[in-house]
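The values are calculated or read from the model by the stated rules, or taken from the named source; none is laboratory data. The structure displayed is predicted, hence computed values, not measured ones. For neighbour counting, all protein chains shown are included, and Cβ atoms are generated from backbone atoms with ideal geometry for every residue, glycine included. Note: accessible area is taken over every heavy atom of the protein model, side chains too, but ligands, DNA and RNA are not part of it. Shrake-Rupley method; radii C 1.70, N 1.55, O 1.52, S 1.80 Å.
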Amino acid sequence: MTEQLENRRIFSLLEVTQSVQRTLAERYSSSFWVKAEMNKLNHYPHSGHCYPDLVEKQEGRVIAQLRSVLWKDDYHRINHNFLRVLKTPLKDGIKMLFCAKITFDPIHGLSLRIIDIDPVFSLGELEREKQEAIDRLKSEGIFDRNRKLTLPLLPQRIAVISVQTSKGYADFLKVMENNPYGFKFFHMLFPSLLQGERAVESIIHQLQQVARVQKHFDVVAIIRGGGGEVGLASFNNVSLAREICKFPLPVITGIGHATNETVSEMVAHKNAITPTDLANFLIERFQQSYFPLLQSEQKLLSVLRNRLGQDRRNMLTTAKYFRSVTENVILRHQHVLRASTATILRGTRQQMKKASDSTAEQLVGLQSSIAAFYNLRSSDVDLAEISLKKNLSRNWSQYSQQIDAVARVVRSLDPKNILRRGFTISRADGKLISSVDQVPPTATIETEFVDGKVTSHVKSINKYEREDNV
Amino acid sequence: MSSQSTSMSEKITYSEAFEELQKIVSEIEDGEISVDDLSEKVKRAAFLIQFCKTKLTSTEEDVNKILKTLEMPD
């Protein structure tokens with residue numbers, strides 16, 4: 001309701017906005033196609049409507065921007081198309097070609113109502129972006145870098161970038177852990193978003209984490225499963241792909257089937273496509289070592305057996321030969337010894353006989369000499385004996401006469417003969433007395449006669465005057 | 001390329017062990033080795049085979065150690 005205040009016409013806000021609305025509606029009565037970048041989708045789940053921010057950039061600077069609206073039903077329909085064609089839903093940051101109508105209303109102001117979005121354009125855009133990414137990486141010289149890394153002979157330690165609850169991750173683990181050869185792997189999960197707005201930065205962050213502990217790992221496995229083809233767009237992102245190119249360990253991708261390979265899959269060391277195949281690939285690598293290992297073991301054993309068998313046979317043969325040769329030698333020596341012994345014996349006996357004979361001769365000689373000598377002496381002795389006997393008998397009769405003479409004298413001196421002549425022996429106290437001095441005055445004396453003894457008492461003693469008694 | 005630490009007194013990687021083993025086996029097959037060397041080589045080969053087999057079926061990496069490293073600031 002227009003007011004009049006003094007000379008000025010005063011309008012309410014509603015009047016102003018409605019006027020703008022009428023003007024714009026008149027001017028922009030039909031829809032038209034617009035090319036712009038959808039910075040943010042701004043989808044509100046409770047109402048289902050989206051309010052995308054649209055921008056146009058030139059050399060990175062925003063030169064135009066406008067808010068837009070996408071009503072729920074339109075959104076659903078368009079999203080469905082997008083999924084069908086691009087395998088990705090509407091999301092932030094896509095360049096699009098859309099059909100829109102200018103709208104203005106007093107409350108919400110100016111807006112662009114999006115009626116339809118052409119997915120083919122966006123697809124083309126995506127393809128273009130993808131190709132741009134590839135070109136950029138090639139020009140930086142790093143496109144092949146990860147592929148040129150050498151996969152270790154034994155890719156035993158695996159850093160897994162995946163979602164904990166991912167079916168792909170579960171499949172991967174199952175194959176790894178149930179491998180029939182008993183191969184042992186070490187794997188550690190670095191959880192990450194693999195889809196949606198934040199996927200790229202999340203994956204890059206985890207790659208950087210793995211890089212910090214790279215000496216504990218041999219490979220990186222990026223695993224995704226069960227999402228079909230939707231959500232692979234993140235893997236065309238140039239920053240993510242670059243991170244993979246420059247990564248110091250081989251990166252293997254198992255993120256699912258795609259009609260065309262994503263950039264990340266192209267630059268990865270190997271694209272195993274599915275998580276199961278990724279696991280099998282690793283197990284095969286192990287087998288590539290394992291079978292030669294077993295073979296080597298077998299070869300070693302059989303060669304050894306042969307060699308040792310051969311050597312043992314040689315050894316036995318040599319031993320036998322050695323033995324027979326030695327026996328011969330010993331026998332020969334024994335013969336020689338025996339012969340020598342016999343010879344020695346014979347010789348010795350001969351010598352001894354000779355010696356003994358000569359000794360015997362000498363003995364005989366000696367005997368005869370002694371005998372001769374003895375005879376000589378014996379006859380001397382005989383002669384001497386004869387002469388001795390003669391002398392003796394001569395002297396004997398001489399002596400015998402002399403002895404007889406002496407015997408006669410002695411007989412005559414025998415006290416008995418003296419006693420016979422009348423002499424007597426006097427004794428006092430048993431003692432022979434030959435002098436009156438020897439007779440005690442009052443003693444008894446004993447007188448021996450030739451035929452007996454008389455005992456008498458001394459009456460008196462009369463000593464003669466000294467005279468010679470002959 | 002990461003090298004693996006082992007608890008054996010000798011630090012050797014799987015690749016090195018594998019290569020050495022192949023070499024020894026071919027030497028033995030060629031019959032170039034004398035009986036004395038044979039004993040040495042066989043022992044070495046047996047050791048290498050055991051080493052490789054062990055590597056295939058066991059690993060010493062520790063998750064906790066890695067987590068600790070990651071927890072530390074860059």
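Within the set of other residues whose C-beta is less than 13 Å from the C-beta of residue A:345, count the net charge using Lys and Arg as +1 and Asp and Glu as -1.
+4
Rounded, prolate or oblate, given the Cα gyration tensor of region A:338-437, with a/c below 1.5 counting as rounded?
Oblate shape, in that a/c is at least 1.5 and b/c is the bigger or equal ratio.
Could you work out the mean count of beta carbons from other protein chains within 10 Å of each residue's beta carbon in A:248-254?
Across A:248-254, the average partner-chain Cβ count within 10 Å equals 1.
Applying a 10 Å radius around every beta-carbon, put A:155-163, A:131-139 in order of their mean neighbour count, most first.
With the highest mean Cβ count within 10 Å placed first, the list reads A:155-163, A:131-139.
Report, in degrees rounded to the nearest 10, the 0 to 90 angle that the Cα long axis of helix A:72-86 makes with the longest principal axis of chain A.
The two axes meet at around 50 degrees.
So for chain A, averaging the separation of alpha carbon pairs under 8 Å that are six or more residues apart and normalising by length, what relative contact order in percent results?
Computed over chain A, the figure is 9 percent.
Enumerate the whole-percent occupancy of each 10 Å bin, from 0 to the last occupied one, for all C-alpha pair distances of chain A.
It works out to 3, 11, 11, 9, 7, 5, 4, 3, 3, 3, 3, 3, 3, 3, 3, 3, 4, 5, 4, 3, 3, 2, 1, 1, 0, in whole percents.
Taking the Cα centre of the protein assembly as shown as origin, work out the dipole magnitude from +1 charges on Lys and Arg Cβ and -1 charges on Asp and Glu Cβ, in debye rounded to 20. It would help to have the intermediate numbers written out before the result.
Values: 73 positive and 66 negative charges, 529 e Å.
The dipole of the protein assembly as shown has a size of about 2540 debye.
Peptide A:212-218: average number of partner chain Cβ atoms within 10 Å per residue? Before the final figure, lay out each step's value.
Numbers: counts 5, 6, 1, 6, 8, 3, 4.
The shielding value for this peptide is 5.
Using a Cα-Cα cut-off of under 27 Å, which lysines could be cross-linked to residue A:40, ignoring same-chain neighbours fewer than 8 residues away?
Qualifying lysines at Cα under 27 Å: A:57, A:72, A:87, A:91, A:95, A:101, A:130.
Step through the residues of region A:353-359 one at a time and calculate ³J(HN,Hα) from phi using the Karplus curve (6.51 cos²θ - 1.76 cosθ + 1.60, θ = phi - 60°), rounding each to whole Hz and writing x for Gly and Pro.
4, 4, 5, 5, 4, 5, 4
With every protein chain left in place and a probe of 1.4 Å, what is the accessible surface of residue A:404, to the nearest 10 Å²?
Answer for residue A:404: close to 80 Å² accessible.
Using a simple charge model, +1 on the beta-carbon of Lys and Arg, -1 on the beta-carbon of Asp and Glu, nothing else, what dipole does region A:138-239 show about its Cα centre, in debye to the nearest 20?
Values: 12 positive and 8 negative charges, 60 e Å.
It comes to approximately 280 debye.
Given A:179, A:256, A:42, which one lies farthest toward the positive end of the charge dipole of chain A, if we put +1 on the Cβ of every Lys and Arg and -1 on the Cβ of every Asp and Glu?
Of A:179, A:256, A:42, it is A:179.
Could you point to the residue in A:398, A:388, A:352 farthest towards the positive end of region A:352-412's charge dipole, with +1 and -1 charges on the Cβ of Lys/Arg and Asp/Glu respectively?
Of A:398, A:388, A:352, it is A:398.
Can you compute the charge dipole magnitude of region A:74-143 about its Cα centre, using +1 on each Lys and Arg Cβ and -1 on each Asp and Glu Cβ, nothing else charged? Give it in debye, rounded to the nearest 20.
160
Length gain on complete extension for the stretch residue A:9 to residue A:423, per 0.36 nm per residue less the alpha carbon to alpha carbon distance?
Roughly 125.0 nm would be gained on extension.
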